[in-house]
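The values are calculated or read from the model by the stated rules, or taken from the named source; none is laboratory data. Source: prediction; values computed, not measured. A quick note on method: Cβ atoms are made from the backbone with ideal geometry, for glycine too, and the neighbour counts reach across all protein chains shown.
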Amino acid sequence: MFVKLSTQAIEILEGLKKEETKSVKQFTEEGFDQSTVNRAGLELEENSLVKIEEEEEIVYELTIEGQEIIENGSPEHQLIQRLKNGAKQISELQDLNIDVALGKARSKNWIKIEEGEAYLTDQGRENLGTDQIRIRLENQDYAEEDIERGLVRQETKKLRRLILSEEGKKIDLEELVEEFNVEAHTETPKTGKKHFYKEVTDYARTTWLEMGFEEMSGDFVVPSLLNFDALYTPQDHPARELHDTFFLKTPEKADISEYGDKIDHIKQTHQDGWTTGSKGYKTEWNEEEAAKNILRTHTTAVSARRLHEIDVNKEELPKKLFIVGRNFRNETVDRTHLAGFIQTDGIVVGEKLNFKNLKGYISEFFERMGYEKFRIIPAYYPYTEMSAEVQVWDEEDGSWLGAGGAGLFRPEVVKPLLGFEATVLAWGLGVPRIAMKAADIEDIRELYRNDIEILEETPIWRPDK
């Protein structure tokens, strides 16, 4: 049997000659590049030298929150350890992750709170000494609770295995090795390059980092509390309906107890304004509605989560944060709309900030992204006041096009999440339009179709072009 194989395929075949069956993962652990092994495996399968089998493997990975528990213990267990010698004023426990600690300890009936003091219950005393969550995470014996709390990330990966066929066992490797004529003429191959959309998003990320911002990250699945309620969007707002938002069936609801007293503050803000100076919406607020899981409709949900996490005792203000990430909306797909889109969101948290600062950040970003003409005009958004729309000038159409929204977060957003009054500059800006302009395409769907002709003809993107 004569076959002509690439050098990489011969190397993989040689590895299989020793063991007859081997996973792609095992090859990569020996130093092979994963994509090289996969390509070589397909080549060998086409020549009937190997069979490829696939099986699913569930992989668990600790999150930052999970790692912190291994190092310091779970927040609720740290709390009951502090209470074992007697009650404590909640104000004395602020060095803990207090919202999560109180929420989890109360839900497990480990503590009770009376007049600003936390007490251990009998059930709490029974759980002193052994932190079961920490032990589970250390032993990688994860429970459903750990996944729901965001301590462990669960992923399903395909495990690909190469199995040497009977023809592969018979083939002589020495016959496959060819001599190469290094002086032979050949055409210069077309070189690969990064997808133009990836170039734009990477450049946007680099731009914020160069401007001194810290990158945020967050899950695609978020509770409605973060996506809507914390952003002062009323529970009867049309954006919260099925025709605009993707709701999850499993898990249908999130455990929002980690937000502790802030849930009550958000509730009161919606109902009567709480202590924000607002009158609220004068309607009942439903915690079950806030717990519904959705695919985030904007990266502002990540900004809301980060506001909740800011600890002014450990983090200096002003705090400058950004994210470049995907969002999802129940849109009718056409040349200008997709169900998924990329947005860059940013916030600046401080005490001596104003609209002039906001305009400065946005202007610098758009100038670095290559826009010579853009403007910021008055607009309305439920969670900012004052609010503005950012528009860019399109030379071909001779018109101004919307590129995103911006403004100062309302006190109804800031105080319940942050816990104190501050000024928060905020914006959410679209990225697809920049990429469409770079590739000279009119249909947003082309950003994901990987049309070879478009990819080859689109020049390497630079903001000055």
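Number of residues in the stretch 435-459 that are at pLDDT below 75 and either farther than 21 Å from GLU395 by Cα or touching a strand residue (DSSP E or B) at 6+ places or on another chain (Cβ under 9 Å) (or both): the value is 1. Restricting attention to the stretch 383-406, the residues that are over 15 Å from SER363 (Cα atoms) and aliphatic (A, V, I, L, M) add up to 2.
Residue-level check: of (1) of a type in the set (Asp, Glu); (2) free of Cβ contacts under 8 Å to residues at least 40 places away in the same chain; (3) farther than 25 Å from ARG305 by Cβ, GLU68 misses just (3). Condition check for THR121 on (1) over 24 Å from GLU68 (Cα atoms); (2) among the polar types (S, T, N, Q); (3) under 25 Å from the mean Cα position of the chain (by Cα): one failure, at (3). Across the stretch 243-285, the qualifying residues are those that are of a type in the set (Gly, Ala, Ser) and within 19 Å of ILE98 (Cα to Cα), and the one among them that is nearest to the chain's Cα centre (by Cα) is SER257. Of all residues in the stretch 269-284, those satisfying the criterion of being within 16 Å of VAL414 (Cα to Cα) and hydroxyl-bearing (Ser, Thr, Tyr) are THR269, THR275, THR276, SER278. Here THR332, THR300, THR384 are screened, and the one residue that is closer than 20 Å to GLU214 by Cα and assigned by TED's automatic domain parsing to the domain that holds ASP202 is THR300.
Taking the condition closer than 25 Å to LYS104 by Cα, buried (at least 17 other Cβ atoms within 10 Å of the Cβ) and not basic (Lys, Arg), does ALA204 pass? Spelling it out, it is not the case that ALA204 is closer than 25 Å to LYS104 by Cα, buried (at least 17 other Cβ atoms within 10 Å of the Cβ) and not basic (Lys, Arg). A count restricted to the stretch 314-330 and to residues that are under 17 Å from VAL431 (Cα atoms) and either among the hydrophobic types (A, V, I, L, M, F, W, C) or at pLDDT below 85 (or both) stands at 4.
Please work out if GLU53 is outside the structural domain of ASN109 (by TED's automatic domain parsing), modelled with pLDDT under 85 and either β-branched (Val, Ile, Thr) or not in a loop (DSSP other than H, G, I, E, B) (or both).
No, not satisfied.
Looking across VAL37, VAL59, one residue alone is outside any helix (DSSP H, G or I) and aliphatic (A, V, I, L, M). It is VAL59.
Does the stretch 318-325 contain any residue that is part of a helix (DSSP H, G or I), touching a residue at least 60 places away in the same chain (Cβ under 8 Å) and touching a Ser or Thr at 6+ places or on another chain (Cβ under 8 Å)?
Step one: list which residues in the stretch 318-325 are part of a helix (DSSP H, G or I), which gives none.
Checking the stretch 318-325: not a single residue is part of a helix (DSSP H, G or I), touching a residue at least 60 places away in the same chain (Cβ under 8 Å) and touching a Ser or Thr at 6+ places or on another chain (Cβ under 8 Å).
Scanning the stretch 4-28 for residues that are surrounded by fewer than 16 Cβ atoms within 10 Å (Cβ to Cβ) and part of a loop (DSSP other than H, G, I, E, B) turns up LYS4, SER6, GLU20. Return the residue satisfying two criteria in turn: it lies in the stretch 29-67 and is polar (S, T, N, Q) and surrounded by 15 or more Cβ atoms within 10 Å (Cβ to Cβ), and of such residues it is farthest from ARG134 (Cα to Cα). Among residues in the stretch 29-67 that are polar (S, T, N, Q) and surrounded by 15 or more Cβ atoms within 10 Å (Cβ to Cβ), the one farthest from ARG134 (Cα to Cα) is ASN47.
The residues of the stretch 340-384 that are assigned to a loop (DSSP other than H, G, I, E, B) and either free of Cβ contacts under 8 Å to residues at least 40 places away in the same chain or surrounded by fewer than 19 Cβ atoms within 10 Å (Cβ to Cβ) (or both), listed by number, are GLU351, LYS352, LEU353, ASN354, GLY370, TYR371, GLU372, LYS373, PRO382. Residue check: PRO463 meets all listed conditions (1) surrounded by fewer than 21 Cβ atoms within 10 Å (Cβ to Cβ); (2) farther than 23 Å from GLY346 by Cα but one, namely (2).
Let's see how each residue does on (1) surrounded by fewer than 16 Cβ atoms within 10 Å (Cβ to Cβ); (2) at pLDDT 90 or above; (3) not assigned by TED's automatic domain parsing to the domain that holds MET216:
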{"position": "GLU92", "(1), (2), (3)": "yes, no, yes"}
{"position": "TRP110", "(1), (2), (3)": "no, yes, yes"}
{"position": "GLU115", "(1), (2), (3)": "yes, no, yes"}
{"position": "ASN127", "(1), (2), (3)": "no, no, yes"}
{"position": "GLU138", "(1), (2), (3)": "yes, yes, yes"}
{"position": "ARG161", "(1), (2), (3)": "no, no, yes"}
{"position": "LEU176", "(1), (2), (3)": "no, no, yes"}
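Among the residues of the stretch 281-295, is any out of contact with any Leu (no Cβ under 7 Å at 6 or more places or on another chain), in the same structural domain as HIS243 (by TED's automatic domain parsing), part of a loop (DSSP other than H, G, I, E, B) and among the β-branched types (Val, Ile, Thr)? Within the stretch 281-295, one or more residues are out of contact with any Leu (no Cβ under 7 Å at 6 or more places or on another chain), in the same structural domain as HIS243 (by TED's automatic domain parsing), part of a loop (DSSP other than H, G, I, E, B) and among the β-branched types (Val, Ile, Thr). Evaluate the stretch 381-395: report whether one residue or more is of a type outside the set (Gly, Ala, Ser) and touching a Pro at 6+ places or on another chain (Cβ under 7 Å). The answer is no, given that none of the residues of the stretch 381-395 is of a type outside the set (Gly, Ala, Ser) and touching a Pro at 6+ places or on another chain (Cβ under 7 Å). Here ILE441 meets the list (1) outside any loop (DSSP other than H, G, I, E, B); (2) closer than 22 Å to ASP334 by Cα; (3) of a type outside the set (S, T, N, Q) almost entirely, failing just condition (1). Could you check, for the stretch 393-401, whether at least one of its residues is under 27 Å from the mean Cα position of the chain (by Cα) and surrounded by fewer than 21 Cβ atoms within 10 Å (Cβ to Cβ)? Looking for residues that are under 27 Å from the mean Cα position of the chain (by Cα) and surrounded by fewer than 21 Cβ atoms within 10 Å (Cβ to Cβ), one finds none in the stretch 393-401, hence no.
Look at the stretch 281-317 and say how many of its residues are in contact (Cβ under 8 Å) with a residue 40 or more places away in the chain and either under 30 Å from ASP95 (Cβ atoms) or of a type outside the set (Val, Ile, Thr) (or both). Within the stretch 281-317, residues that are in contact (Cβ under 8 Å) with a residue 40 or more places away in the chain and either under 30 Å from ASP95 (Cβ atoms) or of a type outside the set (Val, Ile, Thr) (or both) number 24.
Taken together, ILE256, ILE263, ILE294 contain a single residue that is within 25 Å of ILE113 (Cβ to Cβ), in contact with a strand residue (DSSP E or B) (Cβ under 9 Å, 6 or more places away or on another chain) and of a type in the set (Val, Ile, Thr), which is ILE256.
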